[in-house]
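Below: one structure, written as structure tokens.
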Amino acid sequence: MKFTLNVWRQNGPQDKGRMETYQVDQVSDDMSFLEMIDVLNEQLIHQNIDPVVFDHDCREGICGMCSMFINGEAHGPGRGVTTCQLHMREFSDGDTITIEPFRAKAFPIIKDLMVDRSAFDRIIQAGGFVSVNTSGNLPDANATRIEKSHADAAFDAATCIGCGACVATCKNASAMLFTSAKVSQFALLPQGQVEASERVLHMVNQMDLEGFGNCTNTGACEVECPKGISIENIARMNREYLSVSLTTK
Amino acid sequence: MSSLNAHIPEGPLADKWTHHKAKIPLVSPANKRRLDVIVVGTGLAGSAAAASLAELGYNVKAFCFQDSPRRAHSIAAQGGINAAKNYQNDGDSTFRLFYDTIKGGDYRSREANVHRLAEVSASIIDQCVAQGVPFARDYGGLLDNRSFGGVQVSRTFYAKGQTGQQLLLGAYSALSRQVAKGRVQMFARHEMVELVVVDGKARGIIARDLVSGELERHSAHAVLLCTGGYGNVFYLSTNAMGSNVTAAWKAHRKGAYMANPCFTQIHPTCIPVSGHFQSKLTLMSESLRNDGRIWVPKKKEDAEAIRSGKKKPTDLNEEDRDYYLERRYPAFGNLVPRDVASRAAKERCDAGFGINKTGEAVYLDFASAIERYGKEDAHVQGIHHPTPEKIRALGEAIVESKYGNLFQMYEKITAQNPYKTPMMIYPAVHYTMGGIWVDYNLMTTVPGLFALGEANFSDHGANRLGASALMQGLADGYFVAPYTVGTYLADDIQTGKISTDSPEFAEAEKTARDRMEGFLNSNGNTPVEVFHRELGKIMWDQCGMARSETGLKKAITDIRALRERFYKEVKVPGKMHEMNPELDKAGRVADFMELGELMCLDALSREESCGGHFREEHQSEEGEAVRRDDDFAYVAAWEFADHDPGKAKLHKEDLVFENVKLITRSYK
Amino acid sequence: MSTSRGLFGTSLARKYWMALTGLFLCSFLVVHLLGNLPLLTGNQEAFNAYAHFMTTFPLIKAVSYLLYASILLHSIDGLVLARQNMAARPAGYVKYNGAANANWSSRNMALLGTITLLFLIIHLKSFWFEMHFGFVPNWTDAEGNLYKDLYTITVAAFQQTWYALFYVVAMLGLGLHLWHGFASAFQTMGWSHPRYTPMIKALGYGFAIMVPLLFASIPLYILLT
């Protein structure tokens, strides 16, 4: 297969950036999208052009490191996949493919397609944890029974891989799906209850400080989320935050 | 050859850890604030250790090359985590977990370490549940267990097929809490490129900020390497693209011994290689072998017809299929341990029965399971004379409920529907049991340098059992290192801040800088990736599932030649002081090329077959592994010498078994 | 990190106010529509009585201030949010396939809201302003009560083709705004439940079709009869 690639090139955060057009051939339909970029990069090195910088690591859809906005969609046209799981058979021979970085004020571009998503880490640092120290003397794991449906829903929320597709996709660059997934995980479990009020206030506050946009409930995030995290979590966070705001001193 | 002191505490096996903890020196809270600890790597071991040490009061600096600590490759572990909780009342105990792990490791691990691992396993589950890790639960609201890899109890805790993710996110949460408190300084997108040793003690690292390209000096009173395994020496593996040996190898070059580097786990059920540009192999969970039957065609002409696309697997009748695992190992059948299953697949493919384009794949077939489940379900539903279509539909639904996400993943990657046609699988490099030699306290041969998790060699012997890697990473990080690192630091309370202005830091930084500039100034024309691919092929062919003296010797020659060519012909674009992934990769591949040689050397010197290490010269008439306990019941710890990985000196740590009897593993 | 900011200033707080004012405005739409329906039957008396009641009854007067406040808050808050949202992505995508994952109205709420606001200003000028401050001829009902004859003014206005059509277009805009806005308000308030949310969505779609359709039918009816 052959493709024409329009790729965003940007030397650093201060650079204006521009689209560059490259041709790749010898692409097989079994290749993942990132392997196609590998082919492009080997070709660029031979041509004395700096290879395209992009984030990637596990290449099996779980680490959340790969990003890329492909043909106007986060992680490309596939559903329930990250870019590393997108295969070239999803495209037709001869297609022109536009590849951009995830764009948001809170995700500054480092170089080319690589962005800085440390804002997500800071949101977690603001309260995305249960405050228990390491101890060999905690209550037995089975001391508290947890209703299966709650445990399952908490798990579903907890499967977020922190890739940022929700922010990239959202027309407002909002981080509500990410933040609410972590708030929900703990809101659904008894372990999370003790700090529930503090958690939601601090995490939302940090989310605002980072410069993410607001949620307008378009639902685009849950469509593009590689892990299918539901906007039901956003409603839950809204509920938690409202009740805390109404009841705290 | 000298012998190594593992500092195993005296006393009966079951009391060693308790007694040791009771006797070790402590550091007072006021003094902890004056001590700095560096943690490299933020997977299960690293995140857990960094968080726990910070909670205790030490000043922690944590490093990872990814953009966030949450991305470490522990996240990709699927199946589960073992713990001797005996919640199922099926006879599990600390001793049984200890015994299974020693036996599964083919008697090449240290009794005391493994027993401690089994002892703390239950606390891990308590800790994780308290952190809010959403493990699978049953309808009564209690934790659920599944069984795994050939053991006779159900002791594996899991969170669907994403257990590693959930455990890592738990540890990452704990770490984040300490970052917020200022107890941990987090350095993401930083790679350790040198270890700094001052007066014989590990006192810091040189790290490269991967964004700016600057080299930074970081000092500490102790350095913990939690940097994972080195499976990427084979180029293709189930490891992440960035997983590398650099930190461990730099430590090795500075005096840390590498132990049993040739012990590699090849996982039998991975999606086969599809082409030259493939960058990574994907694992299909071991749990699939509970219901899938593995086969290849009986006749070579059928295999050829399938390879050329003239026949489909479903065209072959039962009598034309060779269910080779069931044939060779009737007692365990498709559920033989990983090493055995992998070798059997290789044997069939080498004999010409492989079934994909490359000839390196076998079938994992769910047709029988679908039919069996379908019939059962029809019976349950009271359908008396179900049509074959109805049975299929019912069976597929059951199989979907058990393995749905894996089947979906398979279909995404291969574009084939595994409900209708058998899966194609082939073994792939998955885990490295070998690693940096550590004593009972997880300290390496460099004082003040510790190694945790997959980076050390300690607990899995020659073969790791499923669901034990997560257990070991968290055990080391949460429950072992916080005690044992303190023991070491107790002598350092008077030392004060370690200066980074010493000649040792300057020299280490210079070494790193010179090396990188060397890559950038090389006038070659070949991308790094090409050399990595070549190295991988040598390693896979000669130091993979089967190894022989001639092959290993050839591999050593080939690797040395490749290394020479690499330094002459490599082309690394870009500059030093900028984001430059090709430069990062060049450094990692250069280290893999040195490690590869050491692995072959180790494999050559270990004249026996055990666990994942299979020497063709040491097999029975039926092709089974022959272990030689009289001569090889030791840990091979290699000391870097003469600036040449090939001249490493072997030190032996004899393994003493006082609590288990060494027997031959048999699955027939 | 101040917790007292919870109900003001934070992104979520602004959203709650949007949702609450939006839902309140929805309820007003219903009342307004019920009052206007007599126009369809040519019932001059009922309509003028309704207009009189709405401008003079004390409780309604009090509620009307709440209404004005809601309109202002909904508009200003909406504009602030829209500005923040634009600032959250200073450099836009070269290619953005919004249609792949969200419907058109949900992506254009600010635009639809602005259209509705412009309509409202013109609408208020035409009727509300005239009723309160302008000149409206007097009209006496059968029992001799004196009313302002808003009916005649309204009918006269809608007999102008361009004016009636402007109303129809504006109602289309309002319908699209409600198409997303109605259920969205519930989501924002966190009033979400697997069992009831589908019903709320259905109700929202019904509301978004029926209310603007009935409103639009009035000028069309007057124009065509």
Long-range neighbours under 6 Å by Cβ, at least six apart or interchain, first residue farther than 22 Å from C:Gln160 by Cβ within region C:120-145, second hydrophobic (A, V, I, L, M, F, W, C) and surrounded by fewer than 12 Cβ atoms within 10 Å (Cβ to Cβ): C:Asn138/C:Leu146; C:Thr140/C:Leu146
Residue check, B:Gln166 away from every other protein chain (no Cβ under 14 Å) and of a type outside the set (A, V, I, L, M): no
Of residues in region C:118-139 being among the aliphatic types (A, V, I, L, M) and surrounded by fewer than 15 Cβ atoms within 10 Å (Cβ to Cβ), the one farthest from C:Asp149 (Cα to Cα): C:Leu118
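For region C:82-104, indicate whether the set of residues that are free of Cβ contacts under 8 Å to residues at least 40 places away in the same chain and away from every other protein chain (no Cβ under 14 Å) is non-empty.
Filtering region C:82-104 down to residues free of Cβ contacts under 8 Å to residues at least 40 places away in the same chain leaves C:82-83, C:85-102.
Those still in the list that are away from every other protein chain (no Cβ under 14 Å) too: none.
Within region C:82-104, not a single residue is free of Cβ contacts under 8 Å to residues at least 40 places away in the same chain and away from every other protein chain (no Cβ under 14 Å).
Please determine whether any residue of region A:200-212 is within 21 Å of B:Gln166 (Cα to Cα) and part of a helix (DSSP H, G or I). I'd like the intermediate steps shown before the answer.
So the first thing to find is which residues in region A:200-212 are within 21 Å of B:Gln166 (Cα to Cα), and the list is A:200, A:203.
Now narrow it down to the ones that are part of a helix (DSSP H, G or I): A:200, A:203.
So far as region A:200-212 goes, yes, one or more of its residues are within 21 Å of B:Gln166 (Cα to Cα) and part of a helix (DSSP H, G or I).
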Meets criteria (modelled with pLDDT of 95 or more and under 30 Å from C:Leu165 (Cα atoms)) for C:Ser64: no
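Quickly run through region A:51-71 and pick out the residues that are more than 7 Å from chain B (Cβ to nearest Cβ) and over 15 Å from the mean Cα position of the chain (by Cα). Explain how you work it out, then say what you get.
So the first thing to find is which residues in region A:51-71 are more than 7 Å from chain B (Cβ to nearest Cβ), and the list is A:52, A:54, A:61, A:66-71.
Selection gives A:Val52, A:Asn71.
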Region A:184-208 - residue that is without any contact (Cβ under 8 Å) to a residue 40 or more places away in the chain and within 19 Å of the chain's Cα centre (by Cα) and, of those, surrounded by the fewest Cβ atoms within 10 Å (Cβ to Cβ): A:Asp208
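Quick test for you: out of B:Glu411, B:Glu376, pick the one residue that is open to solvent by 30 Å² or more (accessible area, probe 1.4 Å), over 29 Å from B:Trp540 (Cβ atoms) and modelled with pLDDT under 95.
Values: B:Glu411 fails: over 29 Å from B:Trp540 (Cβ atoms).
Unique residue meeting the criteria: B:Glu376.
Report whether or not B:Ala118 is more than 7 Å from every other protein chain (Cβ to nearest Cβ), open to solvent by 10 Å² or more (accessible area, probe 1.4 Å) and either within 28 Å of B:Leu283 (Cα to Cα) or in contact with a strand residue (DSSP E or B) (Cβ under 6 Å, 6 or more places away or on another chain) (or both). Walk me through it before giving the result.
Values: more than 7 Å from every other protein chain (Cβ to nearest Cβ): yes; open to solvent by 10 Å² or more (accessible area, probe 1.4 Å): no; either within 28 Å of B:Leu283 (Cα to Cα) or in contact with a strand residue (DSSP E or B) (Cβ under 6 Å, 6 or more places away or on another chain) (or both): yes.
When the stated conditions are applied, B:Ala118 does not pass them.
Among the residues of region A:216-238, is any over 26 Å from A:Thr82 (Cβ atoms) and more than 10 Å from chain C (Cβ to nearest Cβ)? Show your work before the answer.
At the first step, the residues of region A:216-238 found to be over 26 Å from A:Thr82 (Cβ atoms) are A:238.
From the residues that got through so far, the ones that are more than 10 Å from chain C (Cβ to nearest Cβ) too are none.
No, because not a single residue in region A:216-238 is over 26 Å from A:Thr82 (Cβ atoms) and more than 10 Å from chain C (Cβ to nearest Cβ).
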Scan of region B:220-266 for residues that are in contact with a Lys or Arg (Cβ under 6 Å, 6 or more places away or on another chain), outside any helix (DSSP H, G or I) and open to solvent by less than 10 Å² (accessible area, probe 1.4 Å), ordered by number: B:Gln265
Enumeration of residues in region B:173-196 that are of a type outside the set (A, V, I, L, M, F, W, C), assigned to a helix (DSSP H, G or I) and within 30 Å of B:Glu509 (Cα to Cα): B:Ser176, B:Gln178
Candidates A:Ala181, A:Ala168 - the one that is crowded, with 24+ Cβ neighbours inside 10 Å and either outside any helix (DSSP H, G or I) or more than 10 Å from chain C (Cβ to nearest Cβ) (or both): A:Ala181
Set A:Ser67, A:Ser92, A:Ser118: member being closer than 23 Å to A:Val24 by Cα, open to solvent by 10 Å² or more (accessible area, probe 1.4 Å) and either assigned by TED's automatic domain parsing to the domain that holds A:Gly162 or hydroxyl-bearing (Ser, Thr, Tyr) (or both): A:Ser92
Single condition A:Gly80 does not satisfy, out of (1) within 14 Å of the chain's Cα centre (by Cα); (2) buried (at least 22 other Cβ atoms within 10 Å of the Cβ); (3) within 14 Å of chain C (Cβ to nearest Cβ): (2)
Subset of region B:427-475 that is in a loop (DSSP other than H, G, I, E, B) and of a type in the set (Val, Ile, Thr) - its residue that is most open to solvent (accessible area, probe 1.4 Å): B:Thr445
The lone exception for A:Phe3 - which of (1) over 30 Å from B:Gly164 (Cβ atoms); (2) open to solvent by less than 10 Å² (accessible area, probe 1.4 Å); (3) within 14 Å of chain C (Cβ to nearest Cβ); (4) in contact (Cβ under 8 Å) with a residue 60 or more places away in the chain it fails: (3)
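Results for (1) in contact (Cβ under 8 Å) with a residue 60 or more places away in the chain; (2) outside any loop (DSSP other than H, G, I, E, B); (3) farther than 22 Å from B:Met258 by Cα; (4) within 22 Å of the chain's Cα centre (by Cα), shown as yes or no for each residue.
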site: B:His532; (1), (2), (3), (4): yes, yes, no, yes
site: B:Trp540; (1), (2), (3), (4): yes, yes, no, yes
site: B:Thr550; (1), (2), (3), (4): no, yes, yes, no
site: B:Arg565; (1), (2), (3), (4): no, yes, yes, no
site: B:Val589; (1), (2), (3), (4): yes, yes, no, yes
site: B:Glu594; (1), (2), (3), (4): yes, yes, no, yes
site: B:Cys600; (1), (2), (3), (4): yes, yes, no, yes
site: B:Glu607; (1), (2), (3), (4): no, no, no, no
site: B:Glu617; (1), (2), (3), (4): yes, no, yes, no
Residue match in region A:136-150 (condition: within 8 Å of chain C (Cβ to nearest Cβ) and outside any helix (DSSP H, G or I)): no
Meets criteria (touching a residue at least 24 places away in the same chain (Cβ under 8 Å) and open to solvent by 70 Å² or more (accessible area, probe 1.4 Å)) for B:Glu504: no
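Might you let me know whether region A:23-37 holds any residue that is in a loop (DSSP other than H, G, I, E, B), acidic (Asp, Glu) and more than 10 Å from chain B (Cβ to nearest Cβ)? Steps first, answer last, please.
Applying the first criterion (in a loop (DSSP other than H, G, I, E, B)) to region A:23-37 yields A:25-31.
In the following step, the residues that additionally are acidic (Asp, Glu) were identified as A:25, A:29-30.
Filter again for more than 10 Å from chain B (Cβ to nearest Cβ), leaving A:25.
Looking for residues that are in a loop (DSSP other than H, G, I, E, B), acidic (Asp, Glu) and more than 10 Å from chain B (Cβ to nearest Cβ), one finds at least one in region A:23-37, hence yes.
Please work out if A:Leu44 is under 29 Å from C:Ala99 (Cβ atoms), more than 23 Å from the chain's Cα centre (by Cα) and part of a helix (DSSP H, G or I).
no
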Unique residue being surrounded by 15 or more Cβ atoms within 10 Å (Cβ to Cβ) and in contact with an Asp or Glu (Cβ under 6 Å, 6 or more places away or on another chain) when the list is C:Arg14, C:Arg89: C:Arg14
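Can you list the helices (runs of 4 or more DSSP H) lying wholly within region B:43-159 that have 1 or more residues being among the small types (Gly, Ala, Ser) and under 30 Å from B:Val193 (Cβ atoms)?
Values: elements: B:44-56, B:94-104, B:111-130.
Passing ranges, in order: B:44-56.
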Boolean, B:Ala62 is farther than 18 Å from B:Leu489 by Cα and within 30 Å of the chain's Cα centre (by Cα): no
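Residues checked against (1) modelled with pLDDT under 95; (2) within 16 Å of the chain's Cα centre (by Cα); (3) within 23 Å of C:Trp191 (Cβ to Cβ); (4) surrounded by fewer than 23 Cβ atoms within 10 Å (Cβ to Cβ):
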| position | (1), (2), (3), (4) |
| --- | --- |
| A:Asp140 | no, no, no, yes |
| A:Thr144 | no, no, no, yes |
| A:Lys148 | yes, no, no, yes |
| A:Phe155 | no, no, no, yes |
| A:Cys163 | no, yes, no, no |
| A:Thr216 | no, no, yes, no |
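The values are calculated or read from the model by the stated rules, or taken from the named source; none is laboratory data. Just so we're clear, the structure is a prediction, and the values are computed from it rather than from any experiment. Ideal geometry is used to build each Cβ from the backbone, glycine not excepted, and the neighbour counts take in all protein chains shown. Side chains included, ligands, DNA and RNA excluded: accessible areas come from the protein's heavy atoms. Shrake-Rupley method; radii C 1.70, N 1.55, O 1.52, S 1.80 Å.
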